[in-house]
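Structure, as structure tokens:
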Amino acid sequence: MTFPRIRHLREDRDWSQQQVAGQLLVNRRTYSGYELGTRTLPPEILIKLALLYHTSVDYLLGLTDDPTPYR
């Protein structure tokens, strides 16, 4: 499963994969695998991404088109 939204959110902010990987405390190759869908995205990384991008996990997973985070 690919996660195009995490790539789009990163690119919209003009962040490199290395910058996001650093925020997540993973190496760039691991993060690249998350974007490409060649690595499983662990729940704790999904949560960190949602917090980083101020959105919901459901939005990142494509379960909703509303990027508003939950309260």
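The values are calculated or read from the model by the stated rules, or taken from the named source; none is laboratory data. Not measured: the values here are computed from a predicted model. As a convention, Cβ positions derive from the backbone with ideal geometry for all residues, glycine included, and neighbour counts pool all protein chains shown. For the accessible areas, the whole protein counts, side chains as well, though only heavy atoms, and no ligand, DNA or RNA atoms are used. Shrake-Rupley method; radii C 1.70, N 1.55, O 1.52, S 1.80 Å.
Pairs are defined by a Cβ separation below 8 Å, a sequence spacing of at least 6 or placement on different chains, a first member in the stretch 45-71 that is on the phi < 0 side of the Ramachandran plot and free of Cβ contacts under 8 Å to residues at least 12 places away in the same chain, and a second member that is small (Gly, Ala, Ser) and assigned to a loop (DSSP other than H, G, I, E, B); the pairs so defined are THR64/SER56; ASP66/SER56.
Give the residues of the stretch 10-22 that are in a helix (DSSP H, G or I) and within 17 Å of LEU60 (Cα to Cα), sorted by residue number.
ARG10, GLU11, ASP12, GLN17, VAL20, ALA21
If you go through the stretch 27-58 and keep only what is within 13 Å of HIS8 (Cα to Cα) and open to solvent by 40 Å² or more (accessible area, probe 1.4 Å), you end up with just LEU36.
Evaluate the following for TYR70: is it among the aromatic types (Phe, Trp, Tyr) and surrounded by fewer than 12 Cβ atoms within 10 Å (Cβ to Cβ)? So TYR70 passes the test.
Listed by first and then second residue, the pairs linking a residue in the stretch 2-13 that is more than 10 Å from TYR53 (Cα to Cα) to a residue that is of a type in the set (Ser, Thr, Tyr), with Cβ atoms under 8 Å apart and 6 or more places separating them unless they lie on different chains, are PHE3/TYR34; ARG5/TYR59. Residues in the stretch 36-56 that are modelled with pLDDT of 95 or more, not in a loop (DSSP other than H, G, I, E, B) and not aromatic (Phe, Trp, Tyr): PRO43, GLU44, ILE45, LEU46, ILE47, LYS48, LEU49, ALA50, LEU51, LEU52.
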